[in-house]
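The values are calculated or read from the model by the stated rules, or taken from the named source; none is laboratory data. Note that this is a predicted model, so its numbers are computed, not measured. For neighbour counting, all protein chains shown are included, and Cβ atoms are generated from backbone atoms with ideal geometry for every residue, glycine included.
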Amino acid sequence: MMGRRFGLQRKYTQPEVSLTPLIDTLLVLLIVFMVATPLVHNALHIELPSGSVQEVQSAHEDVVIYWDKQNKIFLNGVMVSMDTIIDKVKGRVKVQPDMAIFVQADRQVAYGDIVEFIDMLKARAGVRYVALETRATPHKASVAA
């Protein structure tokens, strides 16, 4: 008779790879790249060339509305009333439907009045694009402490 072996039986275990250290390493690398990327972009100092070519002027005349601090309104330098400006702009919009209106308002004109005026231009005159012009201010260099 054949004898059976009793007693020693081997248990086989599956080898496991712990993912926790891999995830920790991945997160550390992600943080390093998130911090380093903006530093690389800010390190480039490029002096752009200047050009003498000007932009092409449009075939139609720009419409500029000036609004001074005495609440006088001018259309391309000619003083007009609030009622006539809507009619004049409406006539120009019929000729050129996609034209932009540039509004230069004095800083002392109430903001609410400007918004109401723009709403009138859009609703009554049919203007699609209104641009509020501002003056460019020079940027001051920040002083690092």
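A few comments on the model shown:
- Residue pairs meeting the criteria (Cβ under 7 Å; at least 6 apart or on separate chains; first without any contact (Cβ under 8 Å) to a residue 60 or more places away in the chain, in region 72-92; second among the polar types (S, T, N, Q) and surrounded by 12 or more Cβ atoms within 10 Å (Cβ to Cβ)): none
- Looking across region 10-24, the residues that are of a type outside the set (D, E, K, R) and at pLDDT below 85 come down to Tyr12, Thr13, Gln14, Pro15, Val17.
- Matching residues in region 114-135 - criterion: being charged (D, E, K, R) and free of Cβ contacts under 8 Å to residues at least 12 places away in the same chain: Glu116, Asp119, Lys122, Arg135
- Criterion (over 23 Å from Glu133 (Cα atoms), assigned to a helix (DSSP H, G or I) and at pLDDT 85 or above) met by exactly one of Leu29, Leu39: Leu29
- Residue tally, condition among the hydrophobic types (A, V, I, L, M, F, W, C) and surrounded by fewer than 17 Cβ atoms within 10 Å (Cβ to Cβ), over region 75-100: 5
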